[in-house]
Amino acid sequence: MTEVSPAAADPASQPTETESNDAGLVSARLLSAEVANAENVPTEPTEVATSSSTTPADQSSTDQSPVSGGPTATPTAAPVGRRSAAPLSNAPSGFRPETVAPAPRPAATPDRTLHMIGNAHLDPVWLWPWQEGYQEARATFRSALDRMDEYPDFIFTCDQIVLLSWVEEQDPALFERIREQVAEGRWVNAGGWWVEPDCNMPMGESFVRQGLYGQRYLREKFGRMAEVGMNVDPFGHNAMLPQILRGQRMDSYMFLRPGRHESDLDSTLFWWQSPDGSRILGYRIPFEYCSPPGDVSWQTEKSIAQLDRGLGEAMVFYGVGNHGGGPTKANIDSIHRFDRMGSFGRMKMSSPREYFDEMLARGPQFLDALDVRTDDLQHHAPGCYSSHSGIKAWQRRAQFAVLNAERWAAVSALDSGVAYPREDLGRAWKQVLFNQFHDILPGSAIESAYDDARDQLGEAVAISKRIITRAHNLIAARIDIPMDVATQPVVVFNPHPWAIETDVELQYGVQQTGVHVVDAEGVPTVSQRVQSVATTDDKGRGAVAFRAELPAFGYRLYRLRPGTAANAPASSPLTATDTVLENEHLRVEIDPTTGWLSSLLVKATGVDLAAGTASDQHTQICDDPTDTWGHRVISYAWAGVPMSVDRILLRESGPLRARLRIERSWGRSTFVEELILGHDSRTLKVEATIDWREQAHLMKLRFPTALTAPTATYEIPFGELERPVDGAEEPAQSWVDLTGTAAGTPGGLTVIATGKHGWDVSPGDPAAHEAVNQHPSIGITAVRSPVYSWHDPRLLEADGIYTFQDQGVQRFRYELIPHAGDHRAARPGRRAIELGSPVRAQLEAFHEGPLAPIGSFADDGGDAVQLTAIKGSEDPSSSTSGETGGETGGADLIVRAVETRGEATEASIELPLVGRTLTATFGPYQIRTFRVPRDGEITELDLLELPLDD
């Protein structure tokens with residue numbers, strides 16, 4: 001017999017109501033399925049037993065600890081020698097054979113119905129590697145099925161489709177048992193997503209793919225999809241989820257966090273509405289999503305204590321969780337017992353669908369009276385926005401890679417007849433989606449989990465690169481490139497469905513005198529020599545940066561010519577020194593003592609966004625004894641010490657751009673920023689490299705402004721959201737904007753960053769000491785170095801042995817975009833994508849071909865409506881030429897677009913790839929998906945790529 005740890009049975013070990021919202025605090029949750037059901041072993045028959053059966057299900061029973069509120073995990077037989085024929089009183093403890101018929105509940109039973117939701121929350125990765133989660137999925141699901149065999153009324157609710165896929169591939173017989181119970185309605189699949197991801201940091205398209213792969217798997221394997229969204233454990237939920245869930249055929253949503261103590265959300269049941277107007281019924285689980293393995297009294301009492309009194313019905317989640325396990329016999333027996341006793345009201349084995357249906361059946365008067373939430377659902381564990389910089393960067397890189405691979409694969413299929421690589425893309429996407437799990441992407445898992453995450457995301461990137469490289473070469477090989485032995489052809493590919501101008505860096509060889517760049521017509525483009533990545537004595541090896549003007553989602557041919565351009569301009573509109581970068585649009589002045597901006601002058605408006613600000617506040621380092629999650633943290637916007645400036649060096653100054661290098665240090669760490677101003681740029685780009693060697697410290701990058709009465713806007717998946725200017729640590733996709741007035745003139749500053757998700761916008765205090773934030777500012781948590789999986793907000797032991805996060809080198813880019821008061825005019829969402837997903841250039845040979853030197857495959861016009869997905873269809877082509885491997889490669893074109901300015905509009909999207917134009921109207925922030933065959937009718941689909949009327 002496996003023993004249950006004393007902590008699991010001791011009521012004193014139970015968490016407080018505040019702590020109960022933090023994963024892993026109840027030690028019983030960490031038990032495996034086998035340990036969780038340890039109380040299910042047979043006991044010796046007693047003289048009072050009325051059943052002759054000797055099966056564990058018949059002989060197992062539970063007792064209540066003599067200490068109030070504490071479940072036990074040990075079966076209790078009748079006392080030896082007890083032969084009383086008197087029936088047991090209506091009591092929560094004492095031996096009661098399972099054959100006792102249900103008695104009528106007492107008349108005093110509270111008039112409420114509790115829907116008891118048996119589940120087994122399983123973190124596939126957390127304090128254990130995925131390989132352990134892989135095994136535990138099988139053990140947990142077998143336990144749930146065994147309980148179904150023993151209790152005819154037991155219902156099990158399952159989410160996280162990856163767990164089902166794992167069981168299917170390792171134990172087909174067990175999976176078949178699941179299929180049978182799904183058909184009977186006793187195994188209920190909820191959630192519909194591949195995993196329970198972090199619900200703030202992934203891109204909008206990632207949330208679409210969570211449902212695309214999850215719901216389609218359920219439809220294929222079980223013939224029915226989830227109708228109820230389920231993310232019980234993530235640490236916050238972005239405001240666009242109601243629209244996404246609606247588009248994936250779910251009308252309701254269950255979650256735990258934020259708790260009442262963490263937000264202004266008081267309701268248990270409420271309407272949650274996205275910025276586009278989409279609504280779902282939201283349900284905040286009153287108390288925890290899992291329970292100890294003994295009786296459910298603790299779980300039930302705490303749930304009722306936090307329930308809206310007016311509802312009369314509630315879902316109470318039970319079952320050993322986090323490391324799986326699921327409902328135990330003791331759990332189920334106690335539900336039957338307390339239901340007979342009437343202790344908490346009517347208790348019924350139920351499912352989330354049944355609960356929501358009963359709420360919906362109450363009718364308009366009840367439903368219209370529910371609160372309406374139009375914001376996101378925050379905050380819990382804001383330190384997770386910045387924990388483990390590596391996983392944030394790897395994830396963003398992988399998401400861009402797979403999205404781009406889809407686009408170029410669609411071109412290969414529809415333009416070159418190559419079979420659309422659904423299987424490869426599906427494998428890549430599933431690696432990306434899995435590593436968005438809410439204990440991987442937030443940085444809260446054990447150290448070894450990130451070795452696996454890096455490898456798995458590397459696989460996704462490698463698959464994507466192979467697809468992209470093949471597609472680019474298929475295109476390049478068909479471009480007509482006449483022979484010119486004095487040149488080297490270069491093809492630049494733009495993955496973005498809007499035209500862009502960007503600087504391209506290219507490494508080259510066999511050019512002793514350097515090169516300049518011309519287009520296909522021989523017209524020079526602005527270029528300059530830059531430092532090669534190769535440190536070699538080969539004088540012919542070099543690098544060039546040049547300005548490329550590229551069509552929307554397409555390509556353009558350029559050529560390298562030796563030497564300097566004959567008609568190169570005698571002077572450049574760009575001037576640069578060690579303290580000044582200036583062109584016709586911006587003047588940037590650097591304080592040589594602090595190494596940061598003392599002036600950011602927008603010449604068109606005369607607004608100096610940095611005038612009078614404290615440039616020494618740009619880097620702020622704090623001792624940070626907060627745990628990995630950042631439990632109970634509201635803000636990281638504290639006064640900190642700045643790094644020391646070691647050197648300022650003008651690295652580049654040419655006709656294309658200037659690059660100013662600023663080197664800093666503090667303690668054992670260094671920080672390098674290279675400020676880049678293009679000859680015609682209206683923005684300042686920065687390439688940052690941190691070599692961090694501090695333990696339990698953080699560094700904020702702060703951007704103080706001269707703005708007054710500012711408002712703050714944050715990018716969220718598929719949209720943006722205004723939030724208070726209060727210094728709170730908030731999640732953002734890639735950019736944050738601060739807009740107000742400067743000297744009475746409207747103005748603002750948008751900051752874009754790659755791979756950084758922890759931000760704040762602080763109001764500033766002009767009367768404060770200069771060591772704290774004096775001016776309204778945007779802050780980025782650039783690096784934090786807590787201990788791995790340091791859960792509790794407590795001081796570490798002085799002589800403890802710990803491993804700290806974010807030790808070593810990391811790189812990211814950011815961009816400062818001044819504007820005249822409307823951040824939307826600068827198109828920050830598109831600029832963020834360009835910054836995070838650069839164009840690609842490749843050297844090419846001379847050859848004949850049918851393609852022109854410039855071409856486009858899709859163009860959204862670069863306005864309010866933005867294409868977010870261009871891909872091949874998940875289902876085979878509906879075109880008349882749609883056989884696999886044929887003219888269309890077995891796929892139709894799928895395009896998805898979202899309105900980005902919060903205004904109703906009509907969009908015209910050009911799709912030369914299939915020779916068609918798509919015209920559609922969009923509501924504010926509306927997401928729409930279309931199937932566009934080469935011939936035949938264009939149809940609108942939902943986010944699962946299924947017809948809206950299906």
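Since every read-out is calculated from the coordinates, none of them should be taken as a lab result. Please read these numbers as outputs of a predicted model, since none were measured by experiment. Heads up, the Cβs are rebuilt from the backbone with ideal geometry, glycines too, and the neighbour counts pull from every protein chain shown.
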**OP:** May I ask which residue of ALA409, HIS323, PRO786 lies farthest towards the positive end of the charge dipole of the chain, with charges of +1 (Lys, Arg) and -1 (Asp, Glu) on Cβ and the Cα centre as origin?
**Re:** ALA409
**OP:** Between beta-carbons, use under 10 Å as the cut-off and find the net charge around ARG824, counting Lys and Arg +1, Asp and Glu -1.
**Re:** -2
Original post:
In the chain, with Lys and Arg counted as +1 and Asp and Glu as -1 at Cβ, which of these residues, VAL932, THR593, THR577, has the Cα nearest the positive end of the dipole, that is, farthest along it?
Top reply: THR577
Original post:
When the Karplus curve 6.51 cos²θ - 1.76 cosθ + 1.60 is applied with θ = phi - 60°, which whole-Hz ³J(HN,Hα) does each residue of region 863-877 get, with x for Gly and Pro?
Top reply: 9, 5, 8, 10, 6, 10, 9, 9, 7, x, 5, 5, 9, x, 4
Original post:
With +1 on each Lys and Arg Cβ and -1 on each Asp and Glu Cβ, how big is the dipole of region 703-772 about its Cα centre, in debye rounded to the nearest 20?
Top reply: 160 debye
Subject >> ALA565 versus ASP623: modelled label distance in nm, points set 7 Å from Cα along the beta carbon direction >> reply: 5.6 nm
**OP:** Taking the dipole about the Cα centre of region 488-570, with the C-beta of Lys and Arg at +1 and of Asp and Glu at -1, give me whichever of THR513, TRP498, THR525 is farthest to the positive side.
**Re:** THR513
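How many percent of the alpha carbon pairs in region 772-818 exceed a separation of 18 Å?
Of all Cα-Cα pairs in region 772-818, 55 percent lie more than 18 Å apart.
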**OP:** For every other residue with a beta carbon closer than 10 angstrom to the beta carbon of ASP375, add +1 if it is Lys or Arg and -1 if Asp or Glu, then tell me the sum.
**Re:** -1
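For GLN507 and GLU180, what does the FRET efficiency come to when R0 = 60 Å and r is the distance between their Cβ atoms, rounded to the nearest 0.05?
0.50
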Original post:
When we measure straight from the Cα of LYS700, which lysines land under 25 angstrom away, once same-chain ones fewer than 8 places off are left out?
Top reply: LYS392, LYS685, LYS756
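Provide the net charge surrounding SER389, with neighbours chosen by a C-beta distance below 9 Å and charges set as Lys +1, Arg +1, Asp -1, Glu -1.
Working: positive: LYS392, LYS756, ARG784; negative: ASP806.
That sum, taken over residues with Cβ under 9 Å, equals +2.
Relative to the Cα centre, what is the charge dipole magnitude of the chain, using +1 at the beta carbon of each Lys and Arg, -1 at the beta carbon of each Asp and Glu, and rounding to the nearest 20 debye?
Numbers: 85 positive and 129 negative charges, 177 e Å.
About 840 debye.
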Subject >> Value at 222 nm in deg cm²/dmol, rounded to 500, when DSSP H runs of n ≥ 4 in the chain each add -39,500 (n - 2.57) >> reply: -6500 deg cm²/dmol
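Taking the Cα centre of region 858-950 as origin, sum charge times position over the Cβ atoms of Lys and Arg (+1) and Asp and Glu (-1), and report the length of that vector in debye to the nearest 20. Walk me through the numbers on the way to the answer.
Numbers: 7 positive and 19 negative charges, 45 e Å.
Using only the charged Cβ atoms, the result is roughly 220 debye.
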Original post:
Just in region 707-810: which GluC sites (Glu not before Pro) are loop by DSSP and have at most 16 other Cβ atoms within 10 Å?
Top reply: GLU770, GLU797
